[in-house]
Amino acid sequence: MSDLIGAGGGGGGKGGGGGSRTPVEAKDRLESTSYAVVVDLLGEGEIEGFSTPSRAGLTQGTTAYSNAILKDIYFDNTPILNPSASNTSPSSSDYNFKNVQVAPRFGTRNQARLQFGDEIIQEIAVGLTIEKNTPITRTITDTNVDQVRLLITVPQLQEIKNNGDIVGSEVQFRIEVQYNGGGFNAVITDTITGRTSDQYQRDYRIDLRSQNPNSFPVDIRLRRLTDDSNSSKLANSISWTTYTQIIQGRFNYPHSALVGLRIDAQQFSSIPQRTYRVRGLKVAIPSNATVDNTNGRLTYSGTWNGTFGAAQWTTDPAWVLWNLLTNTRYGFGTHVDSTQLDKWAFYSASQYCRELVPDGFGGTEPRFSCNVNIQSAEEAYKLVNDLSSVMRAMPFWSTGALTISQDKPVDSAYLFTLANVTEEGFAYSGSDVKTRPNVVV
């Protein structure tokens, strides 16, 4: 739009001069902000935790620990915080995603419950425009409801001046609460100020328990304080879109390792794919063993007396298998007693697994490491054999105990010479080489 503004001439002469002005349109500065809340179950607990802070030996509860966790959480294969960033004071440019809240739980029995995401919600539509002299009320009768979230919508917020300028405007409103008919009290008074030519939304959460925990029913009333617009040039209507009844979860999910995330939806068109770098289950290890923090292998000192120390994270496949066989919650411990296992065979297998061998890149690595994620139920026989195959071993039952036989170099058990072989010699049998299958990778 534009306006022509003329100037009158004087002294009876001809009309003088003319001028034009281009109307000014204020910037659209109001943007709705929405958040996505996701809770991911990592697995059975108790786990060691995230890889980066564990490797760096950082202490839980510190700023460095919290920052290091962000290096191990990936959205669409991109870490939240760049791996090269400082743990103590990363710069803003080190963050690939901003406004992300992370709440990890490592699967202890008495872990704290999540402060978000652990909710039972019911969203109820309202969809009514609020006028100054006609407030709208809704009633909460469910005594289990802890909080109520109101979603307020402003379709447009702007004013067109007489000179054609488009500027921002404002609208003020109040949220009032009444407990069990005791009279309304204002709990939130807010003013939305600015300019937007399209829909803008803002939500408000009211904690019912902190005010009057047992006084139901609860009435929620939304009242407009700004005068209603009577002009097409002023758009400042406001509507109550929905309200959500929220029942706070009272579960801490014992023995379950999980991560709660609150993500700014502005950065994503949909919920991103999440990936985590974690160090998994803590398992019982021999009392004379310590864990190499870089690769999870065990180092032994002295002679083992047959007892176990505190459970720790390790990649040693022998003790991962031992844990599966003895655990009564997720393993076979209700069917197999530790006295039925040949722990010395497991210890011997562990000694072979932990030996360092060339990694093909000029360094070394443990001969066998177990880094697996078991995501589905399996037959016990198959699962035990699968884990045994990680360390080139075979389980079998012998003399009342489950033991393992590992394919590894050992001393000769018996020597055959001409002095202890009969004249008939050995009898060999086999198939023709042409009928033997082979596999090439």
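Counting heavy atoms of the protein chains alone, F216 has an accessible area of about 30 Å² for a 1.4 Å probe. Under a cut-off of 16 Å between alpha-carbon atoms, report the aspartates and glutamates in cross-link reach of K132, not counting same-chain residues fewer than 8 places apart. Within reach: E170, E176, D190, D227, D228. Ordered from highest to lowest accessible area with the whole protein assembly present and a 1.4 Å probe, T275, T134 read as T134, T275. Once the Cα-Cα distance is subtracted from the 0.36 nm per residue extended length, the N212 to L383 segment shows a gain of 56.1 nm. Of the residues Q267, I166, Q375, the one whose Cα sits farthest toward the positive end of the charge dipole of the chain, with +1 on the Cβ of Lys and Arg and -1 on the Cβ of Asp and Glu, is I166.
Taking region 213-265, which trypsin sites (Lys or Arg not before Pro) meet the DSSP loop condition and have no more than 10 other C-beta atoms within 10 Å?
Numbers: sites: R221, R223, R224, K233, R250, R262; in loops: K233, R250.
Passing sites in region 213-265 are R250.
For the pair K161/Y330, report the inter-label distance in nm, with labels modelled 7 Å from Cα in the Cβ direction. Reported label-point gap for K161 and Y330 is 6.6 nm. Here the chain is described by how far its Cα atoms reach on the three principal axes: 145, 63, 48 Å, from widest to narrowest. Comparing S51, T193, W322 along the charge dipole axis of the chain, the residue lying farthest to the positive side is T193, per the Cβ-charge model. The charge dipole of region 116-272, taken about its Cα centre with unit charges on the Cβ of Lys, Arg, Asp and Glu (plus for the first two, minus for the last two), comes to roughly 120 debye. Applying 1/(1 + (r/R0)^6) with r as the Cβ-Cβ distance of I247 and S91 and R0 = 45 angstrom yields a FRET efficiency of 0.65. For S91, the accessible area of its heavy atoms, probed at 1.4 Å with every protein chain present, is near 50 square angstrom.
Within region 287-387, which trypsin sites (Lys or Arg not before Pro) sit in a loop by DSSP and count at most 11 neighbouring Cβ atoms inside 10 Å? Provide the component values of the computation, followed by the final result.
Numbers: sites: R297, R329, K343, R354, R367, K382; in loops: R297, R329, R354, R367.
Passing both the DSSP loop test and the Cβ count: R329.
Quote to one decimal, in nm, the extra length available between A419 and Q172 on full extension: 0.36 nm per residue of separation minus the C-alpha distance between them. Display every interim value, and only then the final one.
Numbers: separation 247, 0.36 × 247 = 88.92 nm, distance 10.68 nm.
Taking 0.36 nm per residue and subtracting the Cα distance, the gain is 78.2 nm.
Straight Cα distances below 25 angstrom link K382 to the lysines K282, K343, K408, with same-chain residues fewer than 8 positions distant left out.
With R₀ fixed at 30 Å, the C-beta to C-beta distance from T290 to D359 puts the FRET efficiency at about 0.90. When the Gaussian network model of the chain links Cα atoms closer than 10 Å, the mean-square fluctuations of Y74, Y204, Y276 top out at Y204.
Using 1/(1 + (r/R0)^6) with R0 = 30 angstrom and r between the beta carbons of T129 and S66, what's the FRET efficiency to the nearest 0.05?
Computed FRET efficiency for T129 and S66: 0.10.
The values are calculated or read from the model by the stated rules, or taken from the named source; none is laboratory data. It should be emphasised that the depicted structure is a prediction, and the values quoted were computed from it without experimental measurement. Backbone-built Cβ (ideal geometry, glycine too); neighbour counts: all protein chains shown. Surface accessibility is based on the protein's heavy atoms, side chains included, excluding ligands, DNA and RNA. Shrake-Rupley method; radii C 1.70, N 1.55, O 1.52, S 1.80 Å.
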